[in-house]
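**Q** Right, I'll just put the structure down here and ask away after.
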Amino acid sequence: MFGFFKKKRKYGSLIYVSEPTIIYHTQTEKVVLKVIEEKLNSNNFIIPSDYGLKPTHHMIKDAEVFVAIGIVGKFTSLVCREIKIAQELKKRIYTINVARKGDMVYYDFFEGIPDDIEWLSEEETRKLYEEFRREEFSGFMKVFLGDRKRQW
């Protein structure tokens with residue numbers, strides 16, 4: 001009768017998803033999780049957005065797999081710090097780069113970390129977020145990521 005209250009059964013390896021805070025609780029986050037589920041045959045996730053802004057990097061040690069999310073070819077400073085932790089712990093690492101071309105949003109999945117993804121400092125991340133908030137996806141960010149209401 002109340003089947004919609006049932007939790008989805010978890011299966012597969014435990015995966016830590018390192019994501020920039022700008023995609024917390026967005027359509028992009030939902031699509032990224034579906035991509036990971038398809039590619040890695042698991043829906044057993046540790047998702048930082050489930051914990052608000054509390055630090056979750058200590059949970060990386062519990063995961064078997066680490067997935068880093070890049071936006072338009074960039075890792076935010078938070079994602080960079082978590083990648084370094086995963087590397088030190090010798091976790092299997094994958095990357096999803098979210099990019100936009102025209103009206104299409106692409107979710108490119110890679111094993112490891114591609115050489116062409118830019119690692120942002122805290123200042124560069126702050127500037128990216130300021131641009132994101134100031135323009136609300138008009139101008140520069142809208143070209144890459146689209147209208148916030150539609151895509152995010």
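**Q** Starting from region 6-27, take each residue that is closer than 26 Å to L89 by Cα and list its partners that are exposed (fewer than 15 other Cβ atoms within 10 Å of the Cβ) and β-branched (V, I, T), counting only C-beta distances under 9 angstrom and pairs at least six apart or across chains.
**A** Sorted first by the residue in region 6-27, then by its partner, the list stays empty.
**Q** Among the numbered conditions (1) modelled with pLDDT under 95; (2) outside any helix (DSSP H, G or I), tell me where K30 comes up short.
**A** In the conditions (1) modelled with pLDDT under 95; (2) outside any helix (DSSP H, G or I), K30 misses (2) alone.
**Q** Scan region 61-89 for residues that are in a strand (DSSP E or B) and small (G, A, S) and report the count.
**A** Qualifying residue count for the region: 2.
**Q** Checking the structure you have, find out if any residue of region 138-145 is modelled with pLDDT of 50 or more, at negative phi and in a loop (DSSP other than H, G, I, E, B).
**A** yes
**Q** Can you spot a residue in region 84-98 that is at positive phi, surrounded by fewer than 18 Cβ atoms within 10 Å (Cβ to Cβ) and among the basic types (K, R)?
**A** Looking for residues that are at positive phi, surrounded by fewer than 18 Cβ atoms within 10 Å (Cβ to Cβ) and among the basic types (K, R), one finds at least one in region 84-98, hence yes.
**Q** Next question, about the same structure. What do you reckon, is F110 at pLDDT below 95 and either out of contact with any helix residue (DSSP H, G or I) (no Cβ under 7 Å at 6 or more places or on another chain) or aromatic (F, W, Y) (or both)?
**A** For F110, the condition - at pLDDT below 95 and either out of contact with any helix residue (DSSP H, G or I) (no Cβ under 7 Å at 6 or more places or on another chain) or aromatic (F, W, Y) (or both) - is not met.
**Q** Tally up the residues in region 94-127 that are outside any helix (DSSP H, G or I), free of Cβ contacts under 8 Å to residues at least 40 places away in the same chain and within 20 Å of T21 (Cβ to Cβ), please.
**A** 2
**Q** Among the residues of region 61-73, write down those that are of a type outside the set (G, A, S) and at pLDDT below 95.
**A** Within region 61-73, I71, V72 qualify.
**Q** Give region 66-82 a look and list any residue that's surrounded by 17 or more Cβ atoms within 10 Å (Cβ to Cβ) and touching a Phe, Trp or Tyr at 6+ places or on another chain (Cβ under 7 Å), or say none.
**A** Residues satisfying the conditions are F66, V67, A68, F75, C80.
**Q** Given (1) under 21 Å from V31 (Cβ atoms); (2) modelled with pLDDT of 90 or more; (3) among the charged types (D, E, K, R), identify the lone condition not met by E118.
**A** (1)
The values are calculated or read from the model by the stated rules, or taken from the named source; none is laboratory data. Values in this document were obtained by computation on a predicted structure and should not be read as measured data. Because the Cβ atoms are built from the backbone with ideal geometry, glycine has one as well, and the counts that use them run over all protein chains shown.
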